[in-house]
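Worksheet: the structure to be examined is printed underneath.
The values are calculated or read from the model by the stated rules, or taken from the named source; none is laboratory data. Just so you know, these numbers come straight off a predicted model, no measurement behind them. Here Cβ is always computed from backbone atoms with ideal geometry, including for glycine, and neighbour counts include all displayed protein chains. All accessible areas refer to the heavy atoms of the entire protein, side chains included, with ligands and DNA or RNA removed. Shrake-Rupley method; radii C 1.70, N 1.55, O 1.52, S 1.80 Å.
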Amino acid sequence: MSIERDGRAAKKSSALEASAGAQLRAIRLSRGLSLTEVAHQADVTKGFLSQLERGLTNVSVPTLLRVCDVLQIGVGELFAYPDEQVVEGGSRIDMGGDGVAEYLLTSADTTAFQVFRSVIEPGGGTGGPYRLDTTTIFAMGLSGSTRLIVGGETRILSVGVSTSFSGQTLHQFDNPGTTVSEVLWVLSPPLLRVARGPAQAG
């Protein structure tokens, strides 16, 4: 994707965050839960959760996963899945983090694996370590240099450099450089749309 197209996608991020927040609010209400109840269980303030639901604030990946667990959904429930079999650019999704734009490249009926592309601004990242309910994650640097920390071990993903690890190992990533970096992720199996148990994020 060109820088121009990435720029257009970035301008849509506020609308996307509002959409993801609106989904969280709709799910919370369908569960009959109050802002206070979900905020307490997710270890966030009521004011923060209210802002998140209105798309007025960024959220770290660990915090978003905690909110999803309280609502008994997998983060995959918040994704807009591509309908077409030949995907151009991917569907913009919100996995949390700051300065990170992510695109889902596989459709909902792809059941063996899931592919994402992350575009990470300088200084951007996940905002903390987390675990995912998936067996294996493959990551490859597409541009720039991304710092990936897996189980306390630092791995630098520059162009063409790849690595694999268990999604259930605490991990996080950020861009410590001065230019945008990009990473291709392959998850097998895909992220769940329904949560299995209590939050595991750090």
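A few notes on this one:
- The selection criterion, being modelled with pLDDT of 90 or more, within 23 Å of R117 (Cβ to Cβ) and surrounded by 20 or more Cβ atoms within 10 Å (Cβ to Cβ), does not hold for E53.
- Note on region 118-134: residues that are of a type outside the set (S, T, Y) and open to solvent by less than 20 Å² (accessible area, probe 1.4 Å) total 6.
- Residue among E88, E37 that is closer than 27 Å to T106 by Cβ and over 17 Å from the mean Cα position of the chain (by Cα): E88
- Residue in region 176-197 that is assigned to a strand (DSSP E or B) and in contact with a helix residue (DSSP H, G or I) (Cβ under 6 Å, 6 or more places away or on another chain) present: no
- Cross-chain or 6+ apart pairs with Cβ under 9 Å, region 142-167 first and free of Cβ contacts under 8 Å to residues at least 60 places away in the same chain and under 17 Å from G123 (Cα atoms), then open to solvent by 50 Å² or more (accessible area, probe 1.4 Å) and among the hydroxyl-bearing types (S, T, Y): S143/T179; G144/T179; S145/T179; R147/T154; L148/T154
- Residue among V87, V75, V115, V61 that alone is touching a Cys at 6+ places or on another chain (Cβ under 6 Å) and under 22 Å from P189 (Cβ atoms): V75
- Each residue in region 104-117 was checked for being open to solvent by less than 20 Å² (accessible area, probe 1.4 Å) and among the aromatic types (F, W, Y), and 1 of them qualify.
- The lone exception for L132 - which of (1) closer than 19 Å to N175 by Cα; (2) assigned to a loop (DSSP other than H, G, I, E, B) it fails: (1)
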